[in-house]
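The values are calculated or read from the model by the stated rules, or taken from the named source; none is laboratory data. All figures in this text were calculated on a predicted structure; none of them were measured in a lab. With ideal geometry, Cβ positions are generated from the backbone for all residues, glycine too; neighbour counts draw on all protein chains shown.
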């Protein structure tokens, strides 16, 4: 799925590497085996297990956020809108994981249309989720540092700019999936599996980006650096700068110390979780890319270590979509109260829908933004 997921060493008849980048991409390298049987067996057990856990937690957490938002007559605050965007992105992302889990265990059973579709869904929601986190940090920066005159700007960002700054770029980044993603039966190509434990070369169907042989290395390196830049460096800088300024601002003054301490704690948690989840994975694919370019000399031991590192840290990175509902919704007291009210009303509405609607009225907004520092902990 990521840079090194479900990695197999395949040997083409020609001497040019054909390597892939992106969701469920395979590295097609002309190299010595370097323990690929061990790597394949590790991924065959590890990846489906982790993807299953992420899928379950992601569906529950993000699904609950979407349900709570759905019970509101209207999303009233900027915080609500960002939470909804983020949960939709994460929810769609985790829905692609069962496909890659099945592919890791056996083969791609789902045909060419779903191959392209799942690649595109994976890509658009992977990038949009990270970019939305940058928008949330910018919104909170404006709410804290420019609390008196930023309301119009924040509304513009949450209502319109987010589509141009998040969803449009994420959609554009799916173009390589439309162009290069396809299903290939290994028996119809000139590749032979090094993994001798496989039943036969005819038993494996793969869903991957397949680049032109003569420019394969160039495409792979370009898309890997694109992933690091757009998927980590740029949003990471926005998140780091905005939250560092927020920490500096909240550290000053003596008013509302209890609230400020809670806001500072939440801010530090957000920074640590983002970089803790994504930095190890991006370091791994960066090192692996340098090895492809022969900038870093590679041997069997280092190659296998990097592949295992990428598999493990990629799973850690994907766990961020399970943490997002906790970090950006469930830490807020108002959201937890609204969630309880929503679930209670949902359970009772099957018996007394009309009566309950008259008694309770519309559900209040998930969060209020009356105090700038409370935005961080709501």
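Residue-by-condition table, conditions (1) touching a helix residue (DSSP H, G or I) at 6+ places or on another chain (Cβ under 6 Å); (2) over 26 Å from residue 218 (Cα atoms); (3) at pLDDT 90 or above:
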{"residue": "241", "(1), (2), (3)": "no, yes, yes"}
{"residue": "254", "(1), (2), (3)": "no, yes, no"}
{"residue": "263", "(1), (2), (3)": "yes, yes, no"}
{"residue": "326", "(1), (2), (3)": "no, yes, no"}
{"residue": "334", "(1), (2), (3)": "no, yes, no"}
{"residue": "342", "(1), (2), (3)": "yes, yes, no"}
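Using the structure shown, decide if residue 347 is modelled with pLDDT under 55 and either surrounded by fewer than 21 Cβ atoms within 10 Å (Cβ to Cβ) or over 24 Å from the mean Cα position of the chain (by Cα) (or both).
On the way: modelled with pLDDT under 55: no; either surrounded by fewer than 21 Cβ atoms within 10 Å (Cβ to Cβ) or over 24 Å from the mean Cα position of the chain (by Cα) (or both): yes.
Considered against the rule, which asks whether it is modelled with pLDDT under 55 and either surrounded by fewer than 21 Cβ atoms within 10 Å (Cβ to Cβ) or over 24 Å from the mean Cα position of the chain (by Cα) (or both), residue 347 comes out as no.
Just to check your reading of the model, which residue among 184, 160 is surrounded by fewer than 21 Cβ atoms within 10 Å (Cβ to Cβ), in contact with a strand residue (DSSP E or B) (Cβ under 8 Å, 6 or more places away or on another chain) and either at pLDDT 85 or above or in a helix (DSSP H, G or I) (or both)?
Details: 160 fails: in contact with a strand residue (DSSP E or B) (Cβ under 8 Å, 6 or more places away or on another chain).
None of the other options fit; the residue is 184.
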